[in-house]
Amino acid sequence: MEQCVNVERELDKVLHNFSGYGQQCDTALEELLQYIKGLREELTQAGEMELSGTLSLVLSQCCKRIKDTVQKLAVHHKDIHSSVSRVGKAIDKFCCSCFSDSLPTLLSQNLDSDLGSVGIEGCWQAESQRLLSEVMVEHFFRQGVLDVAEELCQEAGLCIDPSQREPFVELNRILEALKLRDLRPALQWAVENREMLMAQNSSLEFKLHSLSFIRLLMGGTANQREALQYAKNFQPFAGNHQKDIQVLMGSLVYLRQGIENSPYVHLLDSNQWSDICDIFTRDACSLLGLSVESPLSVSFSAGCVALPALINIKAVIEQRQCMGVWNQKDELPIEVDLGKRCWYHSVFACPILRQQTTESNPPMKLVCGHIISKDALNKMINGSKLKCPYCPMEQVPADAKQIYF
Ligand SMILES: [Zn+2]
């Protein structure tokens, strides 16, 4: 949100500069016009046709004045350029905070490029268009911008089940409260979902209780009794968090001189507050069966990384006139390294055909344990038998099993 305000602020500056420039232009040009008009009248009245010394002086002065005015206006115009570019930077930052850190690089590198050239024709028609809208709506739900999501639903003619929306509304409400250091909604949620959280080994509820306890410690000796009372909440977590509970209880000894002057000062680290937001988001998403990061953000970031390389390869393909190399179906013409952040599962390349396996050509495990792609398997069938290219055991092709990565 802060980035958004920044963009607006920079935009206001540009508009202000621009209207100031317009006024300055009008005044300066008007003055110049009056001056030249006056000069012309003087010249007509004087009726002099020959270029006397005085006249040439007056005319060269006039030229100088015109030049100066134009120069002054040009300098001012340049100033506006810098404020316009500041708006661009603010937008970059805004995009960065919303989507991906690679977007500004993409924009600056490819602002003039025709991104459409690497698109797939008819990619966003009918059914896929609806899917895209649904993914966008889910993304906005996740971001907590419910009004935008609902507007999109209406405009795209989508019918989103309210039950799909509810969990996001609740998550955002709790997260907003956590950001304001209000632990109550999160604690209530964690208690309600305790069993499921415990089953996935979550330490969310314990962390929330620790923070409440630490907050009491910050109040000094006045809160001693309350803090001791509150410590009872740690009981269910004694098994998994014994060490942490010992540290928290040990800090009570230093209540009189203040935790900030004790070896327990690390308990007051403000990073714990941002950590708790992350822990809550991670655990709540996993409980709801959602990925922590929005699928749209992830795909968008991946696209931003891949596009420059794709634009380059497309240009090369066109230059060398080797069309048809890239049919844009289910495979890219080059390998694009998206970085470890985008690794979600292993990939398998068939050792026989040297191709990555796909849904239609999945990896198959032979009886002997060697794995090859389905296409390779089909190519190697001899009659009703198959000979493993590695061991080489003879077997029945139907005994091979599909492997899932
Ligand atoms: Zn084998």
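The C-beta contact set for the stretch 356-370 (first residue farther than 19 Å from Leu332 by Cβ, second residue assigned to a loop (DSSP other than H, G, I, E, B) and more than 10 Å from the ligand (Cβ to nearest atom), distance under 6 angstrom, 6+ apart or interchain) comprises Pro363/Phe348; Pro363/Thr357; Pro363/Ile403; Met364/Ala400; Lys365/Ile403; Leu366/Ala400.
Among the residues of the stretch 162-176, write down those that are of a type outside the set (S, T, N, Q) and either outside the structural domain of Ser274 (by TED's automatic domain parsing) or surrounded by 15 or more Cβ atoms within 10 Å (Cβ to Cβ) (or both).
Arg165, Pro167, Phe168, Leu171, Ile174, Leu175
Listed by first and then second residue, the pairs with beta-carbon distance under 6 Å, at least 6 apart or on different chains, first residue in the stretch 246-274 and basic (Lys, Arg), second assigned to a helix (DSSP H, G or I), are Arg256/Thr221. For the stretch 7-39, filtering for residues that are basic (Lys, Arg) and surrounded by 11 or more Cβ atoms within 10 Å (Cβ to Cβ) leaves 2.
I'd like the residue in the stretch 129-157 that is at pLDDT below 85 and of a type outside the set (D, E, K, R) and, out of all such residues, is farthest from Val298 (Cα to Cα). Top of the filtered list is Leu146. Only one of the numbered conditions (1) modelled with pLDDT of 80 or more; (2) out of contact with any Lys or Arg (no Cβ under 8 Å at 6 or more places or on another chain) is not met by Leu32, and that is (2). What about Val253, is it in the same structural domain as His209 (by TED's automatic domain parsing) and either in contact with a strand residue (DSSP E or B) (Cβ under 9 Å, 6 or more places away or on another chain) or under 21 Å from Leu187 (Cβ atoms) (or both)? No: the conditions fail for Val253.
The values are calculated or read from the model by the stated rules, or taken from the named source; none is laboratory data. Please read all numbers here as calculations on a predicted model, not as lab measurements. Glycine also receives a Cβ, built like all others from the backbone with ideal geometry; neighbour counts cover every protein chain displayed.
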